[in-house]
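S.K.: Next up is a structure, given as structure tokens.
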Amino acid sequence: LLEWLQSLPPDARPSSAELAVRLKLSRDYTNELCRATFGISAERWLIQQRIHAAAQRLAESALNVSEVAQEYGYSSLFFFSRQFRSVLGLSPREWLSRIHSQPES
């Protein structure tokens, strides 16, 4: 499943219905499995995966927050930042500042 998500272009926005089709399960059962496994809906899980990928891209590239947001299919920087904060607990700029201030191991 993660390989499939990683094979999609960054701006792809697969739905929980597409996830269910990919898993060959009903949408309701897919949501049940996600809730039982991760404690969240399939839709929320997909958002988390996308935000984590965007965070990784921010960390590994010279792109700014707005460029990464656009690359990951967010036309609104505000919405991207809001989802980023809801997933990682920090704004994209705060997150970048924190990872750049940590010594490399």
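S.K.: Considering every residue within the range 15-30, establish whether at least one is within 21 Å of Gly73 (Cα to Cα) and under 12 Å from the mean Cα position of the chain (by Cα).
M.R.: no
S.K.: Let me ask something else about it. Within the range 55-73, identify whether any single residue is in contact with a Phe, Trp or Tyr (Cβ under 9 Å, 6 or more places away or on another chain), open to solvent by 50 Å² or more (accessible area, probe 1.4 Å), of a type outside the set (S, T, N, Q) and closer than 22 Å to Leu1 by Cβ, and answer yes or no.
M.R.: yes
S.K.: Moving on. Checking Val68 against (1) over 12 Å from Leu96 (Cβ atoms); (2) at pLDDT 95 or above; (3) in contact with a helix residue (DSSP H, G or I) (Cβ under 7 Å, 6 or more places away or on another chain), which single condition isn't satisfied?
M.R.: For Val68, the failing item is (1).
S.K.: Here's another thing I want to ask about it. Which residues, taken from the range 52-72, are outside any helix (DSSP H, G or I) and either over 11 Å from the mean Cα position of the chain (by Cα) or of a type in the set (Lys, Arg) (or both)?
M.R.: Ser61, Ala62, Leu63, Asn64
S.K.: Inside the range 79-105, can you point out the residues that are open to solvent by 40 Å² or more (accessible area, probe 1.4 Å) and within 15 Å of the chain's Cα centre (by Cα)?
M.R.: Correct list: Phe79, Arg82, Arg85, Ser86, Leu88, Gly89, Trp95.
The values are calculated or read from the model by the stated rules, or taken from the named source; none is laboratory data. Keep in mind that this is a model prediction, so the values were computed, not measured. When we count neighbours, we look across all protein chains shown, and the Cβ atoms used for this are built from the backbone with ideal geometry, even at glycine. In case anyone asks, the SASA skips ligands and DNA or RNA and just uses the protein heavy atoms, side chains included. Shrake-Rupley method; radii C 1.70, N 1.55, O 1.52, S 1.80 Å.
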